[in-house]
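Colleague: Take a look at the following structure, please.
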Amino acid sequence: MQLAMWTYEGPPHVGAMRIATAMRGLHYVLHAPQGDTYADLLFTMIERDAKRPPVTYTTFQARDLGADTAAIFKTACADAEARFKPDAMIVGASCTAELLQDDPGGLAAALGLSIPVVALELPSYQKKENWGAAETFYRLVRSFAAGPTPEGRNPASCNILGPTALGFRHRDDVEEICQLLVSIGVTVNVVAPLGASAHDLTRLPQAAFNVVLYPEIAATSASFLKERHGQPFTKTVPIGSGACRDFVAEVAQLAGLDVEAALAKIQSRAPWYAASIDSNYLTGKRVFIFGDATHAIAAARIARDELGFTVCGLGSYTREFARDVRAAAKTYGLEALITDDHLEVEDAIIAAQPELVLGTQMERHVAKRLKVPCAVISSPVHVQDFPARYSPQMGPEGANVIFDSWVHPLMMGLEEHLLGMFRDDFEFHDGANPSHLAPASQKTSEPEAPQIVPPGAPAWAQDAESELKKIPFFVRGKARRNTERFATDHGLSTITIETLYDAKAHYSR
Amino acid sequence: MTTVLDRTAAPATPSTLPAPLLRERGQREVFCGLTSIIWLHRKLQDAFFLIVGSRTCAHLMQSAAGVMIFAEPRFATAIIEDRDLAGMADLHDELDRIVARVVARRPEIRMIVLVGSCPSEVIKLDLSKAAERLQARGQHDGVRFLTYTGSGIETTFTEGEDRFLASLVAALPAQEQNAKPRLLVAGCLADVVEDQFRRIFTALGIEQVDFLPMRESTVMPSIGPSTTVLLAQPYLTETARLLQSRGCQLLHPLFPLGEEGTTAWLQAAADAFGVDPGRFEAITRPGRDRARIAMTRARSELEGKTLFLFPDSQLEPALARVLSREAGMVPIEVGTPFLNRQHLSAELDLLPTDVTLSEGQDVDRQLDRLRDAAPDLTVCGMGLANPLEAEGFATKWSIELVFTPIQGYDQAGDLAELFIRPLRRRALLQTGRA
């Protein structure tokens with residue numbers, strides 16, 4: 001058993017729903033108890049879909065368990081085919097129905113429906129949402145793209161694999177990458193699963209290679225297509241300016257195009273913004289990064305190589321890609337944090353003392369409590385992760401979006417200096433928000449960030465305590481902890497003003 | 001799936017239905033009982049709700065509650081994993097380990113509620129035995145262990161609260177012989193509403209009033225034959241049954257929604273406690289007047305508007321009664337996940353005779369009826385609201401009706417406002433939206 005107050009991923013059948021909802025003409029019949037229909041609101045509320053997800057649930061109840069839940073499933077399948085007239089159907093069970101062992105695949109096959117039915121086996125007590133999405137997509141690709149490999153494929157043609165419903169900025173990433181590919185002379189054959197029909201999947205083999213945008217979703221399918229149809233696939237995910245260049249070079253090579261000419265097509269403001277003098281204050285800011293593997297690894301590269309931050313923590317909840325995250329962490333001199341326990345992530349954030357947190361919605365909450373600026377870089381998604389504006393993470397525009405969304409939560413350069421100069425200023429005080437944030441929310445009653453005071457910790461002399469208050473609030477927690485650690489290390493029982501500045505000298509970088 | 005037109009009321013039914021009852025069994029677009037933890041854990045401020053379930057349960061809770069929980073929630077899920085099912089880990093040992101972790105993290109907790117789920121029911125994990133054992137072992141001094149099921153196979157949405165209150169009732173001490181008459185108000189109310197009712201009861205001279213659930217788990221009211229029970233919520237079938245089996249006297253007035261409902265509800269208590277009619281009139285008059293003024297204003301915006309309610313909380317018949325009688329709305333269909341005819345008899349008597357009452361759900365058929373009826377306002381869950389808006393129907397999400405204080409005189413206007421806002425907003429927006 002695992003204690004969870006919050007989870008990074010839903011169950012695997014929600015992953016299957018993300019595929020079904022992304023595609024056209026596909027219907028999912030899910031053997032599930034009453035209540036599992038909550039998952040519809042992920043799509044209708046969080047993503048603001050104008051349509052209900054194409055999912056029929058059997059919603060069986062206790063009184064049905066003694067009777068015939070299999071018959072309920074068959075009725076639901078037949079009714080769904082008659083009502084929604086899909087081109088194809090996927091069938092499966094949620095966690096409770098899995099325990100009943102009704103075999104949805106077998107039951108649906110016995111019905112002899114007039115449309116193709118793909119059976120899903122998604123072990124709910126072992127696997128999670130992303131795995132469920134990847135497995136569902138793979139089963140569909142296997143079922144519909146298994147035909148003969150066509151002759152004479154256009155070498156400069158590709159499929160885009162991986163975008164789903166409820167994905168972190170997938171909608172805009174696809175648009176951005178399509179534009180980028182077209183601009184360098186590559187034709188996009190099929191985008192899947194987002195917007196694809198079962199028939200479109202049969203056309204997958206017509207492209208020369210595949211572009212994998214989200215390995216968590218599309219890696220298994222891409223490997224299958226490589227083996228079956230000799231389609232190589234891209235390894236670089238184009239998040240950040242550097243990765244974007246690598247991606248374009250990789251694609252140009254796969255497509256047999258001139259690499260230099262292709263690279264010349266990339267237009268992004270982010271590198272110049274990072275080089276401009278206003279960005280000097282970003283240098284060496286400590287960032288803690290946590291998310292799905294793809295976004296976390298990409299964020300670390302941007303943080304260090306494109307913004308000049310110091311990566312002080314890197315982790316992911318994607319166990320399937322733990323090896324990649326560990327390898328990446330090593331290049332930053334870090335041990336990767338691989339966990340889906342958000343409490344463990346919280347502890348790691350406190351220990352790392354970052355000045356910026358790049359994480360999921362959960363880390364955003366942790367950062368808020370610790371009063372550390374934060375930007376969201378990865379699923380699980382929240383209604384705010386579906387902005388009305390065009391806001392990709394990938395491609396040249398994605399690099400611009402990332403620059404803005406990571407830098408805006410931080411103090412601007414001069415503002416930080418002013419805070420240092422006028423520490424007891426009546427407006428620049430602890431309770432005041434940074435001036436670029438909403439002036440309306442001038443709350444002063446928020447509690448101090450939680451401090452971990454070990455027993456036997458050195459005591460603060462009154463004058464040292466008031467000197468500490470002159471240190472800007474956003475680094476005060478760190479100064480306090482450093483000073484206490486310094487005092488403990490030096491066997492001091494009382495912290496004086498001298499100790500405070502000795503510690504400052506000791507820890508200054 | 002099956003649809004039964006039931007024109008013959010069951011023999012024990014104390015009330016005749018205003019119209020034929022449409023019973024449906026098909027896809028139900030409703031939450032399971034676990035969802036009621038979202039308000040229960042805010043109400044009982046020293047309780048922790050530990051769901052023993054699957055990743056789906058945990059995901060439901062964070063999705064339904066949103067990630068916008070300001071404090072660390074006092075609920076969590078003990079997620080059953082493969083090794084638990086394969087018998088490689090002893091479920092009871094695992095549960096002990098998790099309970100110890102919860103207690104260590106939240107030492108101020110005085111009550112831990114083990115909540116059963118669909119998977120724990122299907123594998124027949126005996127949580128009451130687990131609770132008994134945890135209690136008997138005395139390892140967690142000062143913590144009371146309770147258990148109930150919030151599983152979707154057993155409970156729909158608000159029925160989770162019903163099962164929890166029933167488990168609380170089972171733990172309430174028996175009152176002494178010849179105890180003074182007491183009033184017990186059962187069903188979660190917002191604190192502000194509870195305080196208003198308490199003031200009114202005090203003014204009426206009913207001093208001995210307990211509310212269930214209480215705000216602190218350590219204050220357990222005693223119950224018995226001297227207890228008169230007033231249900232504040234219509235979904236408390238099991239709780240009411242248990243209270244009656246403990247000898248409590250159950251009243252069946254209208255529910256305290258709107259001016260008429262609140263008055264009838266208070267009146268039932270006043271009659272049971274022998275309150276002088278003059279006094280009742282004097283004490284309730286100001287509230288009645290305020291509610292009436294608020295409703296008159298609402299009436300100008302809601303009168304004649306048609307209303308279609310999808311099944312959700314079992315509040316639907318009472319809501320339809322208020323909105324039709326006090327705001328002049330015209331209910332077309334009133335859906336409810338379960339129709340407790342006994343508790344709702346007074347409500348059903350006041351519903352218009354041409355309304356369709358439906359129990360259970362086959363959501364696709366119900367959507368067909370909705371499109372045929374083309375109501376001015378639809379009350380439905382979050383899975384349906386945006387798609388219906390996109391089709392051009394004005395909607396009110398039903399979950400707000402259980403999260404917003406709507407009971408009592410001073411909330412009658414707020415109740416109406418919830419229904420007015422979507423209509424007013426549609427009239428306001430000039431965005432050229434299709």
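Colleague: Points 7 angstrom from Cα along the Cβ direction at B:Asp141 and B:Asp372: gap in nanometres?
Modeller: 6.7
Colleague: Same structure, new question: Over region B:254-306, with every protein chain in place, what whole percent of the accessible area is carbon and sulfur at 1.4 Å, could you tell me?
Modeller: Numbers: 1290 of 2430 Å².
Ligands and nucleic acids excluded, carbon and sulfur give 53 percent.
Colleague: Roughly speaking, what is the stretch gain from B:Asp82 to B:Arg290, that is 0.36 nm per residue apart minus the C-alpha to C-alpha distance, in nm to one decimal? Present the calculation step by step, with values, prior to reporting the outcome.
Modeller: Details: separation 208, 0.36 × 208 = 74.88 nm, distance 5.81 nm.
Using 0.36 nm per residue and subtracting the Cα-Cα distance, I get 69.1 nm.
Colleague: Further question on the same structure: Report the GluC sites (Glu not before Pro) located in region A:122-181 that are in a DSSP loop and have at most 13 other Cβ atoms inside 10 Å of their Cβ, or state none.
Modeller: Details: sites: A:Glu129, A:Glu135, A:Glu151, A:Glu175, A:Glu176; in loops: A:Glu151.
Answer by residue number: A:Glu151.
Colleague: While we're looking at this one, here's another question. On C-alpha positions alone, give me the angle between the axis of helix A:215-229 and the longest principal axis of chain A, in degrees, nearest 10.
Modeller: For helix A:215-229, the angle is close to 40 degrees.
Colleague: If you don't mind, another one. I'd like the orientation of helix A:497-507 relative to chain A: the angle between its Cα long axis and the longest Cα principal axis, in ° from 0 to 90, rounded to 10.
Modeller: Taking the Cα atoms of chain A, the angle to A:497-507 is about 50 degrees.
Colleague: Please sort A:230-239, B:314-323 by packing, taking for each peptide the average over its residues of neighbouring beta carbons within 10 angstrom, highest first. Before the final figure, lay out the partial values.
Modeller: Numbers: A:230-239: 20.4, B:314-323: 26.7.
Most protected by this proxy first, the peptides run B:314-323, A:230-239.
Colleague: At B:Glu303 and A:Gln179, where each label point lies 7 Å from the Cα along Cα→Cβ, what is the point-to-point distance in nanometres?
Modeller: Those two pseudo-labels are separated by 5.4 nm.
Colleague: Got a sec? Charge dipole of the protein assembly as shown, +1 on Cβ for Lys and Arg, -1 for Asp and Glu; which of A:Gln34, A:Ser279, B:Gly33 is way out at the positive end?
Modeller: The Cα lying farthest towards the positive end belongs to A:Ser279.
Colleague: Using 1/(1 + (r/R0)^6) with R0 = 25 angstrom and r between the beta carbons of A:Ile277 and A:Ser508, what's the FRET efficiency to the nearest 0.05?
Modeller: Values: r = 23 Å, r/R0 = 0.91.
Calculated transfer efficiency: 0.65.
Colleague: Then there's this: Chains A and B: buried accessible surface, both sides, probe 1.4 Å, rounded to 100 Å²?
Modeller: 5400
Colleague: Amide H of B:Val379: which non-local residues (sequence gap of 5 or more, or other chain) have their own amide H closer than 5 Å, using H built in the peptide plane?
Modeller: B:Phe308, B:Leu309, B:Phe310, B:Lys396
Colleague: With Rg and the Kirkwood Rh both taken from Cα atoms, where does Rg over Rh land for chain A? Don't skip to the end; give the middle numbers.
Modeller: Details: Rg = 26.1 Å, Rh = 25.2 Å.
Across chain A, the Cα-based Rg/Rh ratio is 1.04.
Colleague: Quick check on the protein assembly as shown: of the DSSP beta bridges with both residues there, what percent are antiparallel, nearest 5%?
Modeller: On the way: 10 of 97 bridges.
Of all bridge pairs located within the protein assembly as shown, approximately 10 percent are antiparallel.
Colleague: Just by accessible area at a 1.4 angstrom probe, what is the order of B:Tyr235, A:Tyr281, A:Tyr507 from largest to smallest?
Modeller: On the way: B:Tyr235 5, A:Tyr281 30, A:Tyr507 65 Å².
Largest accessible area first, the list is A:Tyr507, A:Tyr281, B:Tyr235.
Colleague: Something else: Taking only the Cα atoms of the protein assembly as shown, how large is their convex hull per residue, in Å³?
Modeller: Working: hull volume 186.8 nm³, N = 943.
Hull volume over Cα atoms, normalised by residue count, gives 198 Å³.
Colleague: Just subtract the alpha-carbon distance of B:Trp39 and B:Arg198 from 0.36 nm times their residue separation and send over the number in nm, one decimal.
Modeller: On the way: separation 159, 0.36 × 159 = 57.24 nm, distance 2.04 nm.
55.2 nm is the gain from fully extending B:Trp39 to B:Arg198.
Colleague: Averaged across B:80-89, how many Cβ atoms of other chains sit within 10 Å of each residue's Cβ atom? Write out the running numbers ahead of the final one.
Modeller: Details: counts 6, 5, 5, 3, 3, 4, 1, 0, 0, 1.
Mean shielding by partner chains, rounded to a whole number: 3.
Colleague: Once you've got the Cα coordinates, tell me which of A:Lys127/A:Lys368; A:Lys51/A:Lys127; A:Lys127/A:Lys235; A:Lys470/A:Lys504; A:Lys469/A:Lys504 are over 19 Å apart. Please report the intermediate quantities before stating the final value.
Modeller: Values: A:Lys127/A:Lys368 30 Å; A:Lys51/A:Lys127 28 Å; A:Lys127/A:Lys235 24 Å; A:Lys470/A:Lys504 14 Å; A:Lys469/A:Lys504 14 Å.
From A:Lys127/A:Lys368; A:Lys51/A:Lys127; A:Lys127/A:Lys235; A:Lys470/A:Lys504; A:Lys469/A:Lys504, over 19 Å: A:Lys127/A:Lys368; A:Lys51/A:Lys127; A:Lys127/A:Lys235.
Colleague: Between B:Asp93 and A:Leu65, what is the FRET efficiency for a Förster distance of 35 Å, r being their Cβ-Cβ separation, to the nearest 0.05?
Modeller: Once rounded, the FRET efficiency stands at 0.80.
Colleague: Please report, in cubic angstrom per residue, the volume enclosed by the convex hull of the alpha-carbon atoms of region B:94-192.
Modeller: Numbers: hull volume 15.4 nm³, N = 99.
Residue-normalised Cα hull volume stands at 156 Å³.
Colleague: Looking only at B:Ile283, B:Ile37, B:Ile112, which one moves most when chain B is put into a Gaussian network model with springs between Cα atoms under 10 Å?
Modeller: Comparing B:Ile283, B:Ile37, B:Ile112 in the GNM, the peak value goes to B:Ile283.
Colleague: Round to the nearest 10 and give me the degree value, 0 to 90, for the angle of helix A:241-255's Cα axis relative to the longest principal axis of chain A.
Modeller: 30
Colleague: Can you list residues whose amide H is under 5 Å from A:Leu122's amide H, if they're 5+ apart or on another chain and H is modeled 1.01 Å from N?
Modeller: A:Ala93
Colleague: If you don't mind, another one. Which whole-angstrom value gives the distance between the alpha carbon centres of region B:372-424 and region A:182-213?
Modeller: 43
Colleague: Extending each Cα 7 Å along its Cβ direction at A:Thr310 and A:Ala388, get the distance between those two points in nm, one decimal.
Modeller: Inter-label distance under the simple model: 4.2 nm.
Colleague: Taking the Cα atoms of region B:222-359 alone, what are Rg (to one decimal) and Dmax (as a whole number) in Å?
Modeller: Rg, Dmax (Cα atoms, Å): 16.1, 47.
Colleague: Continuing with the same structure: From other protein chains only, count the Cβ atoms within 10 Å of every residue's Cβ in B:47-60, then give the mean. Can you show the working numbers first?
Modeller: On the way: counts 0, 0, 0, 1, 1, 1, 3, 8, 16, 16, 8, 8, 14, 8.
The mean count of partner-chain Cβ atoms within 10 Å per residue comes to 6.
Colleague: If you don't mind, another one. What number, in nm² with one decimal, is the all-direction average of the projected area of the convex hull of the alpha-carbon atoms of region B:142-277?
Modeller: Average of the hull's projected areas for region B:142-277 equals 8.8 nm².
Colleague: Quick one: longest stretch of chain B between exposed loop GluC sites (Glu not before Pro), exposed meaning at most 14 other C-beta atoms within 10 Å and loop per DSSP? Write down the numbers at each step before the final one.
Modeller: Values: sites that count: B:Glu108, B:Glu176, B:Glu207, B:Glu216, B:Glu303.
The segment B:304-434 is the longest one with no such site.
Colleague: Mind checking the mean number of beta-carbon atoms from other chains within 10 Å of the Cβ atoms in A:86-96? Could you put the intermediate results ahead of the total?
Modeller: Numbers: counts 0, 0, 0, 0, 0, 0, 0, 0, 4, 11, 14.
Averaged over the peptide's residues, the number is 3.
Colleague: Rank B:Gly261, B:Gly408, B:Gly142 by mean-square fluctuation in a GNM of chain B with C-alpha springs under 10 angstrom and give only the top-ranked residue.
Modeller: Looking only at B:Gly261, B:Gly408, B:Gly142, the biggest GNM fluctuation is shown by B:Gly142.
Colleague: To continue, here is another question. How about region A:324-371: which GluC sites (Glu not before Pro) there are in a DSSP loop, with at most 15 other Cβ atoms within 10 Å of their Cβ?
Modeller: On the way: sites: A:Glu335, A:Glu344, A:Glu346, A:Glu355, A:Glu363; in loops: A:Glu335, A:Glu355.
Here the GluC sites (Glu not before Pro) that fit, given the DSSP loop and packing criteria, are A:Glu335.
Colleague: What's the center-to-center distance, using Cα atoms, between region A:133-154 and region B:276-290 in Å?
Modeller: Here the two parts' Cα centres lie 74 Å apart.
Colleague: Students often get this wrong, so check it: of B:Lys43/B:Lys180; A:Lys265/A:Lys285; A:Lys74/B:Lys124; B:Lys43/B:Lys129, which have C-alpha atoms separated by over 30 Å?
Modeller: Numbers: B:Lys43/B:Lys180 27 Å; A:Lys265/A:Lys285 32 Å; A:Lys74/B:Lys124 26 Å; B:Lys43/B:Lys129 26 Å.
Cα-Cα > 30 Å for A:Lys265/A:Lys285; rest within.
Colleague: Any chance you could list the semi-axes, whole Å, largest first, of the equivalent ellipsoid that the Cα gyration tensor gives for chain B, using √(5λ)?
Modeller: Details: eigenvalues 245, 168, 82 Å².
Those come to 35, 29, 20 Å.
Colleague: Straight-line reach from A:Lys371: which aspartates and glutamates have Cα under 14 Å away, leaving out those fewer than 8 places along the same chain?
Modeller: Partners within reach: A:Glu346, A:Glu355, A:Glu363, A:Asp430, A:Glu446, A:Glu448.
Colleague: So, one more: With both partners inside chain B, how many of the DSSP beta bridges are antiparallel, as a percent to the nearest 5? Write out the running numbers ahead of the final one.
Modeller: Details: 6 of 54 bridges.
Just about 10 percent of them are antiparallel.
Colleague: Please identify the trypsin sites (Lys or Arg not before Pro) of region B:349-434 that satisfy two criteria: DSSP loop assignment and at most 15 other Cβ atoms within 10 Å. Which are they?
Modeller: Values: sites: B:Arg365, B:Arg369, B:Arg371, B:Lys396, B:Arg424, B:Arg425, B:Arg426, B:Arg433; in loops: B:Arg433.
Filter output for region B:349-434: B:Arg433.
The values are calculated or read from the model by the stated rules, or taken from the named source; none is laboratory data. The model shown is predicted, which means the values in this text are computed figures rather than measured ones. When we count neighbours, we look across all protein chains shown, and the Cβ atoms used for this are built from the backbone with ideal geometry, even at glycine. For the accessible areas, the whole protein counts, side chains as well, though only heavy atoms, and no ligand, DNA or RNA atoms are used. Shrake-Rupley method; radii C 1.70, N 1.55, O 1.52, S 1.80 Å.
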